[in-house]
Structure formats: structure tokens, C-alpha cells
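Everything on this sheet refers to the single structure shown next.
The values are calculated or read from the model by the stated rules, or taken from the named source; none is laboratory data. For clarity, every value in this text was computed on a predicted model and none was experimentally measured. Note that each Cβ is placed from the backbone with ideal geometry, even for glycine, and that neighbours are counted across all protein chains shown.
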């Protein structure tokens, strides 16, 4: 189901007919809907006359687009070079343990958190770094990251 | 006495708590009715000392403080008002001892001329620093040919990494015949470990816009795009504000500076794909398609965005342009070496004391950059290598520390200058693991178009993974080299052609470490978890229980005041016990 149909329509109307419109259109729809469901993508294809294959192709090419529902809070774990050599893996492990996520799971069952590994947040001097929604936390240790997650919970 | 307080509010400052410091200053000034104002500024470059504030009196000496907390605000302001400024944590000051004065003196700030000085959200601040004067000079007094000649004379080479002469690139685009041309700024800074472009966009967005106006006029474009990665929300916010302000002042739009030149500028947000830093992929992405590179020729200068002649430069390149036009090519060419003119911005990160953003003249040695400007190693472990150029670059060992930082000297080592990420590594870093890390990255980011890049990097990653797990064989080293050569030959774009560099350079300079993993089944740096083991030395353990309580998987048993034991089957080798033991009773081998 498309949750914010009215807003989605507005976004489509804003971009329709503009050249190079697909990526910003999908970005804005995702911002409203939190993710791009098959139904949403079909709906956009129908309205814009862009083929569903093109839309799916773009949505799967860029890491920003999510095809599954995501948690209320997004935790971005930086896996850049500086973070990697400063122990980003142990930070990721600590978060996964704290959230009780096993293997490839990235979203908690209560839909509160989704974790994402990102290439570089550009705050290398504060490595290791994570971003929770729009807030960046740096110079982390497994202990301090657990505290941060507990506080948000 | 009236004074100003500037707070460094770029992403790294904010992450370190600059927002709270700013609010505290604002409230304190208001509550105590102090005749002073508080301003935001960009990255001062000394990220290791964030949050940073600068107190600027109307006359007299301004002082910059590092590691400021909200609790310190009152103390700092009161002392300053009383004419006895705090001496502790002073990082920059004109007439007194300060920890970073010398650090700044060794730098030459052309690209970073305004970052950390002006309020990036104020066009007035930029105008006070001779902002848009270069664009005015170029549009009113120079012909496109004269601008191109000036750029050629300056010797400026593309700062995105490949180092193609900017003047020449502009000339190609200028000579292309078309009713429509585009100019594009590549701000898709995807290299992990690099944040130069972010800092420039966050701290001085107008310098990039002004560079683009001059470039557009020189090649004859009337429309431009800044392609910025979506992971940089603050940079996008500052750019949006800067474009609106520049439009209001008439620096963008129609009949700029009263000439017949029109120029419209848009921002395109990236959606997370490293390959979009490649220019043909970037253009496909602006057009709303999957960001896949295509064969060149035709080069973008002949057929680029929507089939029209297009010129693409990187953020740092554009930020250099107004300075060159304003001060002249000769002045710029005074800096640098014979073939690499000017300065280069580097993002220092990793195990270095003074991590942050620096700008130095080309030709400085790596040793000077790391030890003099960067303050040397952060930990007491010795220097092992420095990674330049991100996933396309390589690791340079200690024996080559006297290599000069210029395009040609760096290329000779097998690394590349790249966009300017410099990650310093100590002996606690495993080079096989680093090579695996980069291969994992390029393998993930390969767009999949070329077989060698798509499959070859995957096979290389599998080999590296088994070496780090102690399952490698000596023949694997030959296989890696063979695959690397074929990937370089068989890939269309820069991503694939350079993807094997991290493996090739580590094989060249740190081969012993590969052999240790394969033959001795040991990771000398103690990083690869499959090859290390933690153990408690019975005689040293006092039974304080700290390790047992901190162990996330309850793998440590023992009673209070009695030696503890690690259950090797349960241990996940996270190293928390090792780090938390105050008695050095845990060993890693």
C-alpha cells in the first residue's frame, strides 16, 4: 500500500516531464514512504510513463534506495579507511549485539532500528564514527556505542 | 569592548559537539548582556582539536581555542573580557605561543583561503575577501581564450586525482561547436578516507560557484550542475543557500556583471554509488540513469551530458580558479614543482596525531607532511605505511617517506595522488587486511559492466579472504598478480583499471606479511581474527573480574581474586578483554 499517496502524487507532478528527473523523484518519494515498495515503483511507472525496468534498475543500482521497510532510526556505521583501521568492525559487532541482530539481519524486529554500513561519512579525524539519523558520533569504543544505543532505546 | 566569537561548525566540529558550544555561547552572551556576537564558520582544518572557537576583538589579537566544552565557555569569555585571556588550549594566536601556529605556517592556503575564516552562509563575508572579483574580471576584461591561456600558464592540473591539465580540458570544451554546452562540478567524493571536498563545500561554497562561473564563460556553457553526494547534507545546504544568494546579487542568472553572459546552476544529489565519480558514469547519473561508465571517445568535451559538449572538474580544481584569475597565473605557478604546480589539500586521518585538513605546496615530502604538519604518530607504535588515493591508490612504506608529493613522484611508487585522502597506518595495521578492505570496497562498487572488474575483483577478494583466514597458499600470490594485470587491461573505466592498486602495492612493499599469513599462519599485526588468540597469563591475573564482566559473549570464567580463563570455543576475538585489562595479564598472539 502507498501510505502517503497524496504527497507521492505531488512529488510526481513536480518532476514529471523534467529531464533527468528519476533519481530526485525516487529520493523524495523514499523520504516520505521510508522505502520503495514494488507497488510504489509500479505506481510511479504508470504515472510518469518511465518503464518499470528503468525504475527498478535505478532503485537497485544506488545504495541509497531501499526496497524493504526500514526501522524508525537509521544507524549508519562508517566503514571508511580511517574507521576501518581504528576498529569499525568491533563497533559494528557491538551494535549488532546490543540490538540482538544476527547474521545479515539489518532491522530490529520491533522496527525501531535499521543499521547500514556506509562507505565514508567524511569525519575521518573522529574515527570510528557512526551516524544515528542526522547526528554524528565520533571517537567511539564498543562500550560507548552501546551506551548511545541504550539512550535512544 | 565589543568582540566576535567564531565557532567551527563543519560536520566534524558538529560531531565533536560544536552545536552545544554555539548554543551555550549564544545564551551566555544574551543572559549577561555582553556586547559580542557569535558566528558560524567552516572547517579550520584542525579536526583533532574540535570543537574550536576563535575570539576576535575589534582591535588587537584574536585567539583560537581548541577542545572547548560548554562548561568552559563562561571561563573563556570572562578571562578574555578581563584582558587576561586563558592560556590553556590556545591553538592559534598571533603574538603568543600557541600549539598550532607553526603547523599553520608550514601550510599554504589557496583552496582553503576562506574556510574556517568566513561564515559560509554569508555572501557578504565572501565578498569582503575579494569574492566574485575574479569572476567580474574574467567576464568584463578577459576573453575566453585569455582565461584558458591563463589557466594553462598556471599549470593547474585536475585535483580529482588523475591530474589532467585544466586549461587544456577547457580548451577542448571551448573548441567544441554546439548550441548548448554544460559545465559540471564533481562533488561525489566517494573515496573512503577523504573529506577535502566536503570541507570546501561546507566552509566556502562561493569559491566553487565562482570557479564554475569563470569556467562556464571560458568554454561557453550557460548551464551547470554540481553533483554532490547525498551523504553530505550540510554541504548541500550551504550550496543551496550560496546559489540563492548569488542569484539575488546577479552573479548567477542573466546578463551577469552587465555582460551578455547567462549562467544557470543546479545541484544534483548523488544516491550512493562510488563509480559515479567517473565522469561518464556521473553524467549518466545526472541524466537519471544507472551510473554506468561508457567508452571514451567520444570524450565529454565532444559529447557529454544529453549529448552536448560538457566539461567536468572537481571541487578543489574549481576552488583554485578564482584565486588564479585574481592573483595571476605567475603567482600560482610560484608554488609547487616543475610539473605539478600550486598546492594540494590533504585529509590526514588514521593513526596520526593531528588529523584534519591541510594544504601544502606540491613537492613537500611525505615525511614533512606526516611528521611536521601532521605531528607524527598518535600511538606509540611506529609508522608502517601511508595509504594515498583510496581504493584506486596504494600503500607507501616507511622506506619511501622522502617521496615528494607531486603527481609524477607518487605515481612512480605505484600509488596515485588521488583526490587527497592520506590515511596513516602504524604497525598495528595489517596490510593484507587493508588490501582486503579496499578490494571488498571496489568489488561492492563495481557497476558490473566489465567482466574483469565484476568477476576479477570478486576472485581477488576470495583469495585475500582465505589468506587472512590462514588458508592461503604461496601460488595465491601469483594468482593475485595475474588477476590484477588482467583487471587493469580488461576494464573500461578508472574504477576497474585502478582497483588492483592496493593489492599490487602491498604485495610489492609488504610481501613478507602475506608470506607470514600463508606459511606461518600468523598475522604479524594481530588483526586477522582467525590467526590470533587471546590468553590470560595465570601469574599476572589478579582476578579483578573486569574482563569477565566486559566480555560480550561470556567467554571468560573465574572467581573473584582468582586467575581467570578464556574459553577459546566461545571467544569471538573482539579484543575487549585485552584492552580493558589493567594488569597486562592478557596476551594476544
- line: Exception for residue B:238 within (1) in contact with a strand residue (DSSP E or B) (Cβ under 7 Å, 6 or more places away or on another chain); (2) assigned to a helix (DSSP H, G or I) falls at (1)
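Residues B:149, B:162, B:194: which one is surrounded by fewer than 18 Cβ atoms within 10 Å (Cβ to Cβ) and modelled with pLDDT under 95? If you could, list the steps in order and put the result at the bottom.
Values: B:149 fails: modelled with pLDDT under 95; B:194 fails: surrounded by fewer than 18 Cβ atoms within 10 Å (Cβ to Cβ).
After applying the criteria, what remains is B:162.
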field: Qualifying residue in region B:319-332 (condition: part of a loop (DSSP other than H, G, I, E, B) and either modelled with pLDDT of 95 or more or more than 18 Å from residue B:144 (Cβ to Cβ) (or both))
entry: yes
field: Only one of B:324, B:410 that is crowded, with 23+ Cβ neighbours inside 10 Å, out of contact with any strand residue (DSSP E or B) (no Cβ under 9 Å at 6 or more places or on another chain), over 29 Å from residue A:138 (Cα atoms) and not assigned by TED's automatic domain parsing to the domain that holds residue B:513
entry: B:324
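Residues are listed down the side, and each one gets a yes or a no for (1) crowded, with 24+ Cβ neighbours inside 10 Å; (2) within 15 Å of residue B:159 (Cα to Cα); (3) free of Cβ contacts under 8 Å to residues at least 12 places away in the same chain; (4) in contact with a strand residue (DSSP E or B) (Cβ under 6 Å, 6 or more places away or on another chain):
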site: B:291; (1), (2), (3), (4): yes, no, no, no
site: B:303; (1), (2), (3), (4): no, no, yes, no
site: B:306; (1), (2), (3), (4): no, no, no, no
site: B:334; (1), (2), (3), (4): no, no, yes, no
site: B:350; (1), (2), (3), (4): yes, no, no, yes
site: B:355; (1), (2), (3), (4): yes, no, no, yes
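Any idea which of B:189, B:202 is out of contact with any strand residue (DSSP E or B) (no Cβ under 9 Å at 6 or more places or on another chain) and either at pLDDT below 95 or closer than 14 Å to residue B:126 by Cβ (or both)? Working first, answer last.
On the way: B:189 fails: out of contact with any strand residue (DSSP E or B) (no Cβ under 9 Å at 6 or more places or on another chain).
On inspection, the qualifying residue turns out to be B:202.
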message: Of the conditions (1) without any contact (Cβ under 8 Å) to a residue 12 or more places away in the chain; (2) more than 22 Å from residue A:131 (Cβ to Cβ), residue A:84 satisfies every one except a single condition; which number is it?
response: (2)
field: Positions within region B:263-299 being assigned to a strand (DSSP E or B), under 13 Å from residue B:186 (Cα atoms) and either more than 8 Å from chain A (Cβ to nearest Cβ) or in contact with a helix residue (DSSP H, G or I) (Cβ under 6 Å, 6 or more places away or on another chain) (or both), in sequence order
entry: B:266, B:267, B:268
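Can you pull out the residues in region B:207-223 that are touching a helix residue (DSSP H, G or I) at 6+ places or on another chain (Cβ under 9 Å) and either within 16 Å of residue B:140 (Cβ to Cβ) or surrounded by fewer than 24 Cβ atoms within 10 Å (Cβ to Cβ) (or both)? Don't jump to the end; show me each part of the working.
As a first pass, look at region B:207-223 and keep what is touching a helix residue (DSSP H, G or I) at 6+ places or on another chain (Cβ under 9 Å): B:207-215, B:217-223.
Correct list: B:210, B:213, B:214, B:217, B:218, B:220, B:222, B:223.
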- line: Among (1) at pLDDT 90 or above; (2) within 21 Å of residue A:92 (Cα to Cα); (3) out of contact with any helix residue (DSSP H, G or I) (no Cβ under 6 Å at 6 or more places or on another chain), residue B:547 falls short only on (3)
message: Here's a check for you: in region A:91-141, which residue that is surrounded by 17 or more Cβ atoms within 10 Å (Cβ to Cβ), within 18 Å of residue B:378 (Cβ to Cβ) and at the interface with chain B (Cβ under 10 Å from one of its Cβ atoms) is farthest from the chain's Cα centre (by Cα)?
response: A:125
- line: Residue count, region B:179-189, condition touching a residue at least 60 places away in the same chain (Cβ under 8 Å) and surrounded by fewer than 24 Cβ atoms within 10 Å (Cβ to Cβ), comes to 2
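When you check residue B:114 against the structure, is it assigned to a loop (DSSP other than H, G, I, E, B), in the same structural domain as residue B:261 (by TED's automatic domain parsing) and within 29 Å of residue B:208 (Cα to Cα), yes or no?
no
Does residue B:444 fit the bill of being in the same structural domain as residue B:360 (by TED's automatic domain parsing), at pLDDT below 95 and surrounded by fewer than 18 Cβ atoms within 10 Å (Cβ to Cβ)?
Values: in the same structural domain as residue B:360 (by TED's automatic domain parsing): no; at pLDDT below 95: yes; surrounded by fewer than 18 Cβ atoms within 10 Å (Cβ to Cβ): yes.
So residue B:444 does not fit the description; no.
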message: Looking only at region B:485-499, count every residue that is surrounded by fewer than 20 Cβ atoms within 10 Å (Cβ to Cβ), free of Cβ contacts under 8 Å to residues at least 40 places away in the same chain and over 22 Å from the mean Cα position of the chain (by Cα) and tell me the total.
response: 4
message: Can you name every one of the helices (runs of 4 or more DSSP H) wholly within region A:1-73 that holds 3 or more residues which are free of Cβ contacts under 8 Å to residues at least 40 places away in the same chain and within 14 Å of chain B (Cβ to nearest Cβ)?
response: A:22-33, A:38-48, A:52-61
- prompt: Is one or more of the residues making up region B:118-131 within 30 Å of residue B:190 (Cα to Cα), buried (at least 20 other Cβ atoms within 10 Å of the Cβ) and within 22 Å of the chain's Cα centre (by Cα)?
  reply: yes
